[in-house]
Amino acid sequence: MATSPTTKSASYIRRENKLPRRAFIAGRIVDYGIVEEQSFIRMVSLERKRTERSGKPFMLMLLDAGEVLRERETTLLAGIASAISNSTRETDTLGWYERNRTLGVLFTEIGSADAASVKKVVEKVTRAMQAAVSAEEFRCLHIIFRVFPENSLDNSEQGPDFTLYPDFSERHQTRQAGRFLKRMIDIVGSLLALIILSPLLAMIAALVKLTSEGPILFRQNRIGQYGAPFTFLKFRSMYANNDPKAHQEYVAKLIAGGGGLEQPDGSKNGAYKLTNDPRITPLGKFLRKTSLDELPQFFNVLKGEMSLVGPRPPVPYEFDRYRIWHKRRVLEIRPGITGLWQVNGRSKTTFDDMVRLDLRYARLWSIWLDMKILLQTPVVVLSGDGAH
């Protein structure tokens, strides 16, 4: 005897409602219950930002079928959508990562992100698709899984993996002309600065050499865009062979706790840098107060490791202390000599506020914003406000 609609179980109704639907517009199948590309990309970006704050991992599965999906849309797409809808939770979302080419499945709050849990999900979805499509069609599918925050932008020779950062990729594509112009400004600006300031650079180099033992330049490993390391240059402002442990401990406390941190002289404030640091030479205090110790960074800009305007590049032991959302400041844009942080309080700004300013800069970036920051920087430097 047939089961009446009123006697169907709740689980059956849920499965029935999850079956993909077909809608025809101008003779084309455009909907199998699949979220459109723009909306799906926005969902992935928002889920990543939630995870950055909450720490609850999510997983993204991508199925790239290439031209085969276009050729066999009515059969292959229906099979894939049906298999996914019946092997995933109601809270998981199927959508277009790249319209008519790549499907994505967003698995939110997957709980444990260990290898065994991920493998279990992968096997379940894979088996469902193998049963729903032909062997030939399944061989045409390229399936990848990414877990956030376990997977992040890598620093391989192939370049960064933007899979979990589709909003970054889209932003970079729309700003290509602006990024090229920014790089041209960096090259011309750093060259002019090095030529015009060459007498001052020579004088500072001589003073550093004459007033204390050690090299003229301070070289330090820093983290650039996408986590790429580079050698950061400054005029040496500290005594040679000093112990960095005090600064490491101070930075760890600052990142973890905010303001009210104790300085070497017993005072407390939320400054990003140590004040009255006994490791700094008398000349170094002047160089830091006037930011003249930063001038060699024009060489970093010329080499393409830094920009005139951008976030300050962190040292590795600082980066290791970053929370997930902090790390976005080294992903979105190339580090710079000056930035919103420097013209909005400099060392008086708390660490979290500094990161927010960097993220705001990356989001609102334009050539005109760079020009505004560059024009404000000399005023801030001459005032010495917040410099240590």
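All of the numbers you see were taken from the coordinates with simple rules; none came from a lab. It should be emphasised that the depicted structure is a prediction, and the values quoted were computed from it without experimental measurement. Cβ: placed from backbone, ideal geometry, glycine included. Neighbour counts: every protein chain shown.
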Practice problem: Please give the length that would be gained between Ala202 and Asn86 if that part of the chain were fully extended, namely 0.36 nm times their separation in residues minus their C-alpha to C-alpha distance (nm, one decimal). | Solution: 34.7 nm
Practice problem: Counting only C-alpha contacts under 8 Å and six or more residues apart, can you give the relative contact order of segment 175-383 as a whole percent? | Solution: 23 percent
Quiz item: How big is the equivalent ellipsoid of segment 184-228 along its three axes, where each semi-axis is √(5λ) from the Cα gyration tensor, reported in whole Å from largest to smallest?
Solution: 25, 20, 4
Practice problem: With N set to the residue count of segment 175-383, report its C-alpha Rg divided by 2.2 N^0.38 Å to two decimal places. | Solution: 1.00
Quiz item: Of all DSSP beta bridges located in segment 175-383, what percent are antiparallel, nearest 5?
Solution: 85 percent
Practice problem: Can you tell me the order of 178-189, 52-63, 310-321 when each peptide is scored by its average per-residue count of other Cβ atoms within 10 angstrom, highest first? | Solution: 310-321, 52-63, 178-189
Self-check item: Of Lys234/Lys303; Lys303/Lys327; Lys285/Lys327; Lys289/Lys372; Lys49/Lys327; Lys182/Lys303, pairs whose Cα-Cα distance is over 20 Å
Solution: Lys303/Lys327; Lys285/Lys327; Lys289/Lys372
Quiz item: Based on the Cβ-Cβ distance from Met371 to Glu109, what FRET efficiency comes out when R0 is 41 Å, to the nearest 0.05?
Solution: 0.40
Quiz item: Each residue of segment 211-221 in order: what ³J(HN,Hα) in whole Hz does its phi give by Karplus 6.51 cos²θ - 1.76 cosθ + 1.60, θ = phi - 60°, with x for Gly and Pro?
Solution: 9, 7, 6, x, x, 6, 9, 9, 10, 9, 5
Practice problem: Please give the contour-minus-distance gain from Ala240 to Val379: 0.36 nm per residue of separation, less the Cα-Cα distance, rounded to one decimal in nm. | Solution: 46.9 nm
Quiz prompt | Sorted peptide list for 288-300, 129-141, criterion being average Cβ within 10 angstrom, highest first | solution = 288-300, 129-141
